[in-house]
Amino acid sequence: MTKHPSTTATTAAGDIGRRITMRREELGLSQEDVAARTGIAPGYLRYVEQDATAAPGVATLRGLARALDTSVSTLAGGDADLPPGRGRAAGHAELVELGREECWKLLSTHGVGRLALPMPEGITVVPVNYCVAEGTIAFRTSPAATPAEATDTKCAFEVDEVDDALSQGWSVLVRGMAHTVTDPAGVRRLEEQACTGPWAGGERDLWLRITPSTVTGRRIVVG
C-alpha cells in the first residue's frame, strides 16, 4: 500500500490545497464527502489539502474539479494571473443549453458577476458582488455609483466560468427589472445572506434586486 507523507502541524498547505479546502467548505462538504465523490482515499485528500509538497496528477484534479463543481484551471490556479479564454479550442466540443434549475445552481456558486444596464452614453457593463436571494439577484452599491442607475430599469446580469485547461466552460444570463430594496427586514435578510462586502469598499449600503424575466445558460461540453 502506498503511504503518503504524514500531515502534521509542521506542514503548510500549498496553493492547490488551499483552493480545494476553500471550495469544499464553500459547498459545505467534508473531506470524506469529496473523497467519496472523487474515488480517492480520505487520507490522500487530507495530504493534498494540508501539505505544500502535494502534486496531484491531472486525473485526480479532474475528479476533484467534478466533485467540487469547479474547473481544473481554478484548482490549479491557472487563471490567477492570466485572462481566461486563451486556451486552444477542443476538437470535439458541443454547446448545450442549460435548464433553469442548473442555471440557478451555477449562479449560487459565484459571488461576482457582470451587470449590463442602459446609460445615456450607451449600454454599460460593470462588475458587482452579488448573492442569490429568494429567486432574485441582489447586490449593493452606492447611490452615486453606476450600478445604482439600474434602479427601475430593464437590465441583464451575467456570470461565467472558463476552464482553459480543458477548453470548456459555461455562462448564465439573467434578464429582468432591477428595484431598490427599502424594507428594513428585507435589507437585513440580504445582509445576512451576503458572502462578502463590496470589493470596491466605501459606503455601499443601497441594495438592489433583479427580478428575472428570463434565465438562460449554455455550457461547452468536450467529448
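Computed from the coordinates by the stated procedures, all read-outs in this text should not be read as laboratory data. Since the structure is predicted, the reported quantities are computational estimates derived from the model, not experimental observations. Note that we place each Cβ from the backbone using ideal geometry, even for glycine, and neighbour counts take in every protein chain shown.
A few comments on the model shown:
- Other residues whose C-beta falls under 13 angstrom from the C-beta of Asp205 contribute a net charge of +1, scoring Lys and Arg +1 and Asp and Glu -1.
- Where Rh is the Kirkwood radius over Cα pairs, Rg/Rh for region 128-172: 1.09
- In order along region 174-185, the phi-based Karplus estimate (6.51 cos²θ - 1.76 cosθ + 1.60, θ = phi - 60°) of 3J(HN,Hα) comes to 10, 10, x, 9, 9, 9, 6, 9, 10, 5, x, 5 Hz; Gly and Pro are listed as x.
- Each Lys or Arg adds one and each Asp or Glu subtracts one; over the other residues with Cβ under 9 Å from the Cβ of Val215, this totals +2.
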